[in-house]
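Notes to accompany the following structure.
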Amino acid sequence: MGGSRGKTIVVAGGGIVLVLILLFLVRGPSVSGTITYRERIPLSPGAVVKISLNDTSYADAPSELVAHQTITDPGQVPIDFRVRYPRGAINIRNTYSISVRIEEADGRLAFINDTAYDVITRGNPDRVDMVLVMVEPPPEMVDGEWTPSDNAPVEQPVDVVGTHMIWEGTQPLVRVVYQAAATDGCYRLGREEATIEGRIVNVTVTARVPVPTPWAMDCSDRSLELDSILDLGTSLEPGQTYTVRVNGETSLTFAAP
């Protein structure tokens, strides 16, 4: 009995493996992943997600479609996808990429990917997690006319939490410590400038952040601490007291050695 039961388990296990192999052969290979975006905009029930696998080997020629998938009424992000492609359609010497576009029920192109997501060959994966960018917001969320430039990041002063002087020999450096949102897409360094006017050291440190809109991502959690270090050059006079103003606010005073 025990020996017979053992053989049955082996056969059953082998049968499962065989079924999986047959399913793979019938369905063919695929590229899968997830699709999301950062803006706080829900998709409508009539939205359509179009995913395409393209041969992008030649920069000076149009990409060639290998396979595609269309998802109707996808719900909300993240959206799972799987693009199956014909066995034998892939040349290991070529480059392949996944591209996505989300079209809304009103015909508006809402989101696309502006980053290349290479897959399959040349050491690239067969699964990617894609982050799209907004092309056009819902008209009901727009006050007046809207153009793509209205969604460009804006420059604003960083949230300073500390300012320190660093002396490398006689070389003065000012270190500005500030907080920023850790969420991807919420922060990009803007300007870092330092000028000396008399006994005042004017320091400017800015960030480029999402423009405040009803759909902008939430960047309120400023849990990331960063710093900027600026060289003040050799124009400080020994023994003189200087005031450092960061983004127009007095941060510290110091005496030049």
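A few notes on this one:
- Looking at segment 91-149, the trypsin sites (Lys or Arg not before Pro) that sit in a DSSP loop and have at most 13 other Cβ atoms within 10 Å of their own Cβ are R93, R122.
- Calculated from the structure at hand, semi-axes √(5λ) of the Cα gyration tensor in Å is found among (1) 26, 22, 17; (2) 53, 26, 19; (3) 36, 20, 16 as (2).
- Relative contact order for segment 82-234, counting Cα pairs under 8 Å that sit 6 or more residues apart, in percent: 19
- Distances between placed amide hydrogens fall under 5 Å for M130 paired with T34, I35, T36, all partners being 5 or more residues away or on another chain.
- For segment 118-128, Karplus couplings with θ = phi - 60° (6.51, -1.76, 1.60), whole Hz, Gly/Pro x: 6, 9, 6, 9, 6, x, 7, x, 10, 9, 9
- With protein chains left intact and a 1.4 Å probe, residues in the chain average 58 Å² of accessible area per residue.
- Cα gyration tensor category, rounded, prolate or oblate, for segment 132-254 with a/c compared to 1.5: prolate
- Around S57: net Lys/Arg minus Asp/Glu count, Cβ-Cβ under 12 Å: -2
- Couplings 3J(HN,Hα) of segment 91-100, computed from phi: 9, 4, 8, 9, 10, 10, 9, 9, 10, 9 Hz, in residue order, whole Hz [Karplus 6.51 cos²θ - 1.76 cosθ + 1.60, θ = phi - 60°; x for Gly and Pro].
- Here the 3J(HN,Hα) profile of segment 141-158, calculated from phi with Karplus coefficients 6.51, -1.76 and 1.60 at θ = phi - 60°, is 9, 9, 9, x, 7, 9, 10, x, 5, 5, 9, 5, x, 10, 8, 8, x, 6 Hz, Gly and Pro shown as x.
- Only protein heavy atoms count here; under a 1.4 Å probe, D129 has an accessible surface of about 100 Å².
- Comparing T234, T36, T183 in a Gaussian network model of the chain, where Cα atoms under 10 Å apart are tied by springs, the biggest mean-square fluctuation is seen for T234.
- The value of relative contact order for the chain, using C-alpha pairs under 8 Å at least six residues apart, is 15 percent.
- Surface share of carbon and sulfur [accessible, 1.4 angstrom probe, percent] for segment 64-110: 47
- Between helix 2-27 and the chain there is an angle of about 70 degrees, using the helix long axis and the longest principal axis of the Cα atoms.
- Amide H within-cut-off set for G185, under 5 Å, with H built and near neighbours excluded: none
- Here segment 71-193 is treated with +1 on each Lys and Arg Cβ and -1 on each Asp and Glu Cβ, and its dipole about the Cα centre works out to around 940 debye.
- Separation of alpha-carbon centers, segment 132-168 and segment 173-191, rounded to whole Å: 13
- Taking all protein chains together and a 1.4 Å probe, the residues W146, W167 rank W167, W146 from largest to smallest accessible area.
- Among 189-196, 28-35, sorting by the average number of other beta carbon atoms lying within 10 angstrom of each residue, highest first, gives 28-35, 189-196.
- If only the Cβ of Lys and Arg carry +1 and only the Cβ of Asp and Glu carry -1, the dipole of the chain around its Cα centre is close to 1640 debye.
- Charge sum, other residues only, whose C-beta stays under 12 Å from I166's C-beta, Lys/Arg counted +1 and Asp/Glu -1: -2
- Relative packing of 54-61, 207-214, 81-88, which averages over residues the other C-beta atoms within 10 Å, highest first: 207-214, 81-88, 54-61
- Amide H partners (placed H, <5 Å) of A47, local residues excluded: D73, A105
The values are calculated or read from the model by the stated rules, or taken from the named source; none is laboratory data. Note that the coordinates shown come from a computational prediction; the quantities given were computed from them, not determined experimentally. All Cβ positions, glycine included, derive from the backbone under ideal geometry; neighbour counts span all protein chains shown. The protein model used for the area step is the full one, side chains on, heavy atoms only, and it has no ligands, DNA or RNA in it. Shrake-Rupley method; radii C 1.70, N 1.55, O 1.52, S 1.80 Å.
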